[in-house]
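The values are calculated or read from the model by the stated rules, or taken from the named source; none is laboratory data. Note that the coordinates shown come from a computational prediction; the quantities given were computed from them, not determined experimentally. Cβ coordinates were reconstructed from backbone atoms using ideal geometry, including for glycine residues, and neighbour counts include every protein chain displayed.
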Amino acid sequence: MFKKLFGGKSITEALGGAKIKESLTRTRNSFFGQINTLFGGETIQPDLWDDLEALLIQADVGVDTTTELVEKVKDRVQLEGITRPAQAQAILQQEMQKLLEGFAPSAVEEYRILTVILIVGVNGSGKTTTIAKLAKLYQQQGKKVVIAAADTFRAAAIDQLKVWGERIDCPVVAGQPDSDPGAVVYDALKSSFARKANILIIDTAGRLHTKYNLMKELEKLHSIASKQVHAAPHETLLVLDGTTGQNAISQAKSFKESVQITGVILTKLDGTSKGGAVFAIGKELGVPVRFIGTGEGVDDLTLFDPPTFVSGLFAV
């Protein structure tokens, strides 16, 4: 019944699309609003392409990604004999969507006894809050979720996760501050099996003194997880602060040198006018965006959907 009401989409998908559009308000009203204006004339002007390139770069799409995108649009406009700006804009949106097609969200594989998700990211990126949002999102899908507070280097992170766990009625397995993160993960795995949980989400240290320490710590957690669950962790998701734009990309590259990232969760998208950074993530990192944060509430996390994202950038 609900699928019929929402045009073939579930309630979660339908509401998620509305949240994505709303979260892009600042980006849409700034740089992409100006792009809309560029394509508002009767004919394609020679300086349109330079202006488009400048606006995309200002929106943090990235120089390389912007250059590739604009060249593809220009080539198609010439090849297809396009003369009207509105038609050229439609091609731009099509090419943007193609860039994001590899960003499809991962699905929890039903045949697994337990899916293990490792969350990484620097302190201040919204990592701890995002874990609670992700847990809630899976709970809404009928999944049993357990959270492991394995960032034992920050007592505040442990306390924060415990508070979130109480709010969303999700068990949190934690140790004492400065205790062994590996022991927390081991206990969380055992707890997940005992509770017959579907998903275990593991918080990790936001910052260790060196990349070597970070790599060794995460290798240890990988080893512990894989001994208990086949091929675990099944996802390693990097949380990035969307308000930092291209700085987030640099941060991600640094993390990727130490961690085998399978996807990105982009937070605080509603608080930035530079949502174009999403396009640079796949191009420069070679990993997809899995989820995006659309607000501060615990329900403000949604699966990333390329068509919805692109249409949200240009919606009026």
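Quick notes on this structure:
- Among the residues of segment 224-233, those that are of a type in the set (A, V, I, L, M) and either part of a helix (DSSP H, G or I) or exposed (fewer than 14 other Cβ atoms within 10 Å of the Cβ) (or both) comprise ILE224, ALA225, ALA231.
- When segment 200-223 is filtered for residues that are more than 19 Å from ALA156 (Cβ to Cβ) and either modelled with pLDDT of 95 or more or buried (at least 20 other Cβ atoms within 10 Å of the Cβ) (or both), the ones remaining, listed by number, are LEU200, LEU214, LEU218, LEU221.
- Annotation note: of ILE147, ILE168, the sole residue that is touching a strand residue (DSSP E or B) at 6+ places or on another chain (Cβ under 7 Å) and among the β-branched types (Val, Ile, Thr) is ILE147.
- Positions within segment 139-150 being buried (at least 22 other Cβ atoms within 10 Å of the Cβ) and touching a Lys or Arg at 6+ places or on another chain (Cβ under 8 Å), in sequence order: VAL146, ALA149
- Meets criteria (modelled with pLDDT of 90 or more and touching a Leu at 6+ places or on another chain (Cβ under 9 Å)) for THR152: no
- Test result for TYR212, more than 20 Å from ILE113 (Cα to Cα) and of a type in the set (Phe, Trp, Tyr): yes
- Members of segment 51-65 that are at pLDDT 95 or above and of a type outside the set (A, V, I, L, M): ASP51, GLU53
- Residue check for GLY286: out of contact with any Leu (no Cβ under 6 Å at 6 or more places or on another chain) and surrounded by fewer than 20 Cβ atoms within 10 Å (Cβ to Cβ): yes
- The lone exception for GLY41 - which of (1) of a type in the set (Gly, Ala, Ser); (2) more than 18 Å from ASN198 (Cα to Cα); (3) in contact (Cβ under 8 Å) with a residue 60 or more places away in the chain it fails: (3)
- Those residues of segment 151-199 which are acidic (Asp, Glu) and buried (at least 20 other Cβ atoms within 10 Å of the Cβ), in sequence order: ASP151
- Here THR267, THR262, THR236, THR308 are screened, and the one residue that is crowded, with 24+ Cβ neighbours inside 10 Å, in contact (Cβ under 8 Å) with a residue 40 or more places away in the chain and β-branched (Val, Ile, Thr) is THR267.
- A residue that is over 19 Å from THR302 (Cα atoms) and either surrounded by 20 or more Cβ atoms within 10 Å (Cβ to Cβ) or β-branched (Val, Ile, Thr) (or both) occurs nowhere in segment 125-133.
- Flag if ALA280 is surrounded by 20 or more Cβ atoms within 10 Å (Cβ to Cβ) and more than 16 Å from the chain's Cα centre (by Cα): no
- Exclusive hit being touching a strand residue (DSSP E or B) at 6+ places or on another chain (Cβ under 6 Å) and either at pLDDT 95 or above or under 30 Å from ASN247 (Cα atoms) (or both), set LYS72, LYS19, LYS98: LYS19
- Those residues of segment 197-233 which are among the polar types (S, T, N, Q) and in contact (Cβ under 8 Å) with a residue 24 or more places away in the chain, in sequence order: ASN198, THR204, GLN228
- Residue list for segment 43-88, restricted to those being part of a loop (DSSP other than H, G, I, E, B), of a type outside the set (A, V, I, L, M) and buried (at least 20 other Cβ atoms within 10 Å of the Cβ): ASP60, GLY62
- Only listed residue being of a type in the set (Asp, Glu) and within 23 Å of VAL264 (Cα to Cα), chosen from ASP178, ASP151: ASP151
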